[in-house]
Amino acid sequence: MPALLPSWAWVSGLTVGAIAAVTVLAVQADQGPHPTAVATKPKPSASAEAHPTPKETAPAPVPEGSGTGRRVVYSVGQDRVWLVDASDATRRSFKVWPGTVDPDPGKYSVGTRRQDPTTGSDGVRVEQIMYFTQEDGVWVAFSNAVDGSSPPPADGAKTGGIRLPKADGDALWEFGTSGTTVTVVS
């Protein structure tokens with residue numbers, strides 16, 4: 001009559017068998033097709049360029065009454081900016097994060113430009129600052145965070161920074177030279 005094995009031996013045997021089965025299944029799965037690998041392959045983007053330039057995108061239409069000719073159009077109601085060339089074609093359009101102080105609708109010009117990083121009124125390091133007006137004693141300017149982040153809630157502070165994503169900030173910096181018209185619409 002064969003000897004009976006202790007219970008710990010049975011558990012050990014079952015565990016070794018289970019590990020072997022999982023290993024075989026893992027090897028088989030690794031050798032099979034991977035349809036998601038193609039879908040997750042990174043694609044080049046405009047933000048990967050060393051010196052991005054304004055280019056055609058699929059923008060929302062430029063608001064009526066924003067003028068004609070080369071200009072930057074900022075819609076307070078849509079939180080959106082358009083870069084419009086001299087032939088009235090939209091070169092780029094993008095969403096922005098406004099500060100707590102909105103500029104009044106009207107026509108302005110890019111004045112002072114500051115490329116070097118500094119600390120914004122919300123405490124975030126910003127760069128490529130383009131001032132174009134003052135409202136309620138607060139300077140209103142386009143800028144982007146050095147680290148590319150969106151601004152945190154203003155927490156009751158009066159801020160005039162209109163924050164842009166990094167790639168859009170680069171494009172606006174190149175497009176909006178001193179004297180460029182900035183048209184603000186509601």
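The values are calculated or read from the model by the stated rules, or taken from the named source; none is laboratory data. As the structure is a prediction and not an experimental result, all values here were calculated from the model. Note that each Cβ is placed from the backbone with ideal geometry, even for glycine, and that neighbours are counted across all protein chains shown. Note: areas computed on protein heavy atoms with side chains; ligands, DNA, RNA excluded. Shrake-Rupley method; radii C 1.70, N 1.55, O 1.52, S 1.80 Å.
Assorted remarks:
- Note on Ala86/Thr112: beta-carbon distance plugged into 1/(1 + (r/R0)^6) with R0 of 30 Å gives a FRET efficiency of 0.80.
- Sulfur and carbon atoms: percent of accessible area, region 60-164 [1.4 Å]: 46 percent
- Residues whose amide H falls under 5 Å from that of Arg80, counting only those 5 or more places apart or on a different chain, are Ser75, Val96, with hydrogens built in the peptide plane.
- Per residue solvent-accessible surface (Å²) - region 126-167, probe of 1.4 Å: 43 Å²
- Mean separation of Cα contacts under 8 Å, 6 or more apart, over the residue count of region 108-164: relative contact order %: 31 percent
- Comparing region 64-186 with the 2.2 N^0.38 Å rule of thumb, its C-alpha radius of gyration ratio is 0.96 (two decimals).
- Stokes-Einstein diffusion of region 141-186 at 25 °C, 0.890 mPa s viscosity, Kirkwood radius from Cα pairs, rounded to a whole number: 204 µm²/s.
- Whole-Hz couplings from phi, Karplus 6.51/-1.76/1.60, listed for region 134-145; x for Gly and Pro: 10, 9, 6, x, 10, 6, 10, 8, 8, 6, 10, 5
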